[in-house]
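Values in this text are rule-based calculations from the coordinates and carry no lab data. Computed from a predicted structure; not experimentally measured. Positions of Cβ are backbone-derived with ideal geometry, glycine not excepted, and every protein chain shown enters the neighbour counts.
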Amino acid sequence: MSRLELLVTSLMLAVAATVAAAQPSSQIDTSDWKTYRSEAMGFEVKYPNSWHVRQARGTIESVTVNQTPQVGKANLGLQFIVQRMINPKGLSIRQWWNEQMQGKTPPASHQFIDSTIGGRPAIRREYVGSLGRSFDFFISLGKTDIFTIAISQPSSQKELDQTYEAVLATVKFIK
């Protein structure tokens with residue numbers, strides 16, 4: 001095998017390992033969880049039975065799925081957001097993201113990882129801010145809309161919480 005072939009093979013394996021590591025995988029049984037479905041927002045997701053769903057009122061299409069806050073415990077929850085007509089050129093999610101980032105220098109603490117949610121390509125952004133460690137996923141929804149999943153957890157917790165992983169693994173797009 002030539003040096004070039006070896007280099008290409010090594011790069012392909014590294015990319016495959018990175019993408020595989022970015023895939024949500026869960027050991028939590030979700031078979032008896034509740035299901036939230038929104039035809040208007042174009043998705044469904046399963047969530048633990050003790051969690052609640054709250055739809056936002058106003059100009060933004062948003063749904064929050066979270067557990068009841070408990071004293072002394074981090075409150076787990078996710079927000080699902082649809083931004084309509086934010087991708088008027090109908091770009092792929094990677095092309096759209098690159099266009100959004102053009103001319104900007106993200107803080108060194110931000111990480112951007114290609115991922116998959118509900119069988120669709122996604123951009124996963126991770127960073128630590130004043131509210132803790134954030135994980136945001138950006139997915140194309142239709143030709144011009146962007147679907148975002150926003151998650152926050154304590155900054156001391158470096159890996160995405162297993163419950164979040166399990167919820168993400170159940171996301172399905174219905175449009």
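Some observations on this one:
- Across the cross-link table entries K104/K158; K143/K172; K34/K104, which are compared at the Cα atoms, the separations over 29 Å belong to K34/K104.
- For the range 111-175 and the range 31-105, distance of Cα centres in Å: 8 Å
- Long-range HN-HN contacts of L76 with modeled amide H, under 5 Å: Q67
- Per-peptide average of other Cβ atoms within 10 Å, ordering 119-128, 88-97 highest first: 119-128, 88-97
- Estimated vicinal HN-Hα couplings, Hz - the range 47-54 in sequence order (Karplus 6.51, -1.76, 1.60; Gly, Pro = x): 8, x, 4, 7, 8, 10, 10, 9
- Taking θ as phi - 60° and the Karplus parameters 6.51, -1.76 and 1.60, the scalar couplings of the range 30-35 work out to 9, 4, 9, 6, 6, 10 Hz in sequence order, x denoting glycine and proline.
- Most to least packed among 46-55, 153-162 [average Cβ atoms within 10 Å]: 46-55, 153-162
- Partners for K89 among aspartates and glutamates (Cα-Cα distance below 18 Å; same-chain residues under 8 apart left out): E99, D145
- Computed from backbone phi with θ = phi - 60° and the Karplus coefficients 6.51, -1.76 and 1.60, the 3J(HN,Hα) list for the range 157-164 is 8, 6, 8, 4, 3, 4, 5, 4 Hz; x is used for glycine and proline.
- Amide H within-cut-off set for K34, under 5 Å, with H built and near neighbours excluded: Y47, N49
- Three semi-axes describe the equivalent ellipsoid of the range 3-173; taken as square roots of 5 times the Cα gyration tensor eigenvalues and ordered largest first, they are 27, 21, 17 Å.
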